[in-house]
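Everything on this sheet refers to the single structure shown next.
The values are calculated or read from the model by the stated rules, or taken from the named source; none is laboratory data. Just so it is clear, the model here is predicted, and its values are computed rather than measured. With ideal geometry, Cβ positions are generated from the backbone for all residues, glycine too; neighbour counts draw on all protein chains shown. Keep in mind that these areas ignore ligands, DNA and RNA; they rest on the heavy atoms of the full protein, side chains included. Shrake-Rupley method; radii C 1.70, N 1.55, O 1.52, S 1.80 Å.
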Amino acid sequence: MTDPADVETAVVDAHRRAWALVLAATARVVRDLDLAEECVQEAYAAALVSWARDGIPDNPAAWLTTTSKRRAMDAVRREQVFRSKLPLLVEPEEVVDEIAMDEPVEQVELEDVVPDERLRLIFLCCHPALAQDAQLALTLRLVCGVSTGDTAKALLVSEPTMAARITRAKKKISTARIPYRMPGAAELPDRLRAVLAVIHLLFTAGHTAPSGTSLVRTDLVDQSLHLARMLRDLMPDEREVWGLLALLLVTDARRAGRVDSDGRLLRLEDQDRSLWDRAAIAEAHDLIVDGLRGGRPGRYVLQAAIASLYAEASTYDETDWPQIVTLYDELLLVWPSPVVALNRAVAVAMVSGPARSLAEIDELEKDGRLARYQYLPSIKADLLQRLGRNDEAAIAYRHALELTSNEAERAFLADRLANLNRP
């Protein structure tokens with residue numbers, strides 16, 4: 001018998017690392033996301049029992065995939081038997097896909113436009129019949145294995161709202177009989193915008209985990225980088241794909257310097273830049289230069305260019321803040337997001353002073369769309385502190401703490417709050 005604690009740890013680790021792969025492989029067999037998710041959950045539950053009895057397998061992901069696919073096949077066969085035995089009780093269904101559910105799944109052959117199971121499933125979930133918020137919610141939760149709570153934080157909505165979105169999206173796929181098939185090459189551009197957004201949000205959820213004890217979820221960061229590289233190989237002429245990959249590379253390049261030896265979060269100005277990955281920064285720079293050629297740049301190329309200016313400065317004081325503000329102005333034209341406006345306000349404070357920036361923060365508060373975004377009150381607190389308005393800064397820091405679930409970020413905010421009244 002294997003120690004139950006070791007088994008539980010192995011299952012949790014396999015869930016973090018392999019959920020997306022197991023779900024994608026199972027969904028490809030049954031072509032039904034609801035059924036695939038159910039079978040994957042059963043496989044993980046079975047692992048708790050089987051691994052305790054037989055030992056943890058050398059390849060947990062392969063064990064889970066095999067178990068899940070077997071359960072899925074059994075479910076499909078039961079459905080086939082039900083339909084064959086009770087033909088009078090089953091209304092004929094209109095077939096909207098070239099694959100009928102009563103066709104033996106072993107004989108199904110689809111052209112693999114995308115070689116990776118996870119990327120294929122992302123394209124499927126980004127079907128244009130679904131609203132974009134539903135596409136993002138469904139994909140982050142099911143395909144990428146991000147919890148409902150963390151998905152809600154990433155999309156700035158409440159957890160019940162997010163759960164409802166996911167349920168509606170799955171129901172829409174079922175009732176509208178959206179086929180489980182990879183879109184043809186001509187259909188990819190129509191889904192690219194949503195796919196890019198999914199990969200970016202996945203990276204964001206890993207770069208700074210919405211909850212938990214660690215600042216970074218390396219599994220999500222590595223997964224998003226892998227997906228971005230494959231997407232670049234799949235669509236090599238799309239400049240926004242280059243931009244997304246560059247943004248991920250240059251942002252992740254600072255990973256080793258973001259915390260100190262005790263795991264405490266460091267501000268950008270306090271980070272040891274010698275720890276940054278210069279090869280990744282250089283690769284990102286080349287992608288950005290290529291992306292800026294040939295017309296007006298899009299959202300991801302501009303974001304990458306901004307991140308590159310932060311990373312390429314020799315010191316924090318040498319950062320080209322005026323150029324960053326200019327790029328943010330361009331970014332707001334192509335992507336008028338309140339999060340972009342908030343990030344721009346940080347750069348404005350470095351160019352025009354904290355008072356000017358604080359006025360812009362106040363307007364964003366009145367807008368209301370960032371009411372659940374913890375970085376708004378934390379940035380406001382920093383600006384107030386720089387203006388010597390410590391009592392107001394303390395109120396803002398406490399508000400940020402109420403909205404923050406990541407323990408590393410909470411410790412950072414608590415330290416900032418405690419330091420307000422220190423010399």
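Is there a residue being open to solvent by 20 Å² or more (accessible area, probe 1.4 Å), small (Gly, Ala, Ser) and touching a residue at least 12 places away in the same chain (Cβ under 8 Å) anywhere in segment 239-261?
yes
Test of understanding: among Tyr328, Tyr373, Tyr397, which residue is touching a Lys or Arg at 6+ places or on another chain (Cβ under 7 Å) and within 24 Å of Val157 (Cα to Cα)? Spell out how you get there, then give the answer.
Details: Tyr328 fails: within 24 Å of Val157 (Cα to Cα); Tyr373 fails: touching a Lys or Arg at 6+ places or on another chain (Cβ under 7 Å).
Just one listed residue meets the conditions, Tyr397.
All but one of (1) among the acidic types (Asp, Glu); (2) open to solvent by less than 30 Å² (accessible area, probe 1.4 Å); (3) at pLDDT 70 or above hold for Asp97, so report the exception by its number.
(3)
Leu420 versus (1) closer than 30 Å to Asp320 by Cα; (2) open to solvent by 50 Å² or more (accessible area, probe 1.4 Å); (3) modelled with pLDDT under 95: which is the lone unmet condition?
All conditions pass for Leu420, except number (2).
Can you pull out the residues in segment 372-383 that are of a type outside the set (D, E, K, R) and in contact (Cβ under 8 Å) with a residue 40 or more places away in the chain?
Tyr373 - this is the single residue of segment 372-383 that is of a type outside the set (D, E, K, R) and in contact (Cβ under 8 Å) with a residue 40 or more places away in the chain.
In this structure, is Asp270 of a type outside the set (A, V, I, L, M, F, W, C), open to solvent by 20 Å² or more (accessible area, probe 1.4 Å) and closer than 25 Å to Ile379 by Cβ?
Yes; evaluated as a whole, the condition is true for this residue.
Of the residues Ala256, Ala279, which is under 20 Å from Ala209 (Cβ atoms) and small (Gly, Ala, Ser)?
After ruling out the rest, the residue left standing is Ala256.
Anything in segment 152-176 that is crowded, with 23+ Cβ neighbours inside 10 Å and without any contact (Cβ under 8 Å) to a residue 24 or more places away in the chain? List them, or say none.
Residue satisfying the conditions is Ala152 alone.
Of all residues in segment 251-299, count the ones that are under 24 Å from the mean Cα position of the chain (by Cα) and in a loop (DSSP other than H, G, I, E, B).
The total comes to 11.
Could you give every pair whose Cβ atoms fall below 7 Å, whose first residue belongs to segment 407-423 and is farther than 14 Å from Arg389 by Cα, and whose second residue is open to solvent by 40 Å² or more (accessible area, probe 1.4 Å) and part of a helix (DSSP H, G or I), counting only separations of at least 6 or pairs across chains?
That search, which allows pairs on different chains as well, returns nothing.
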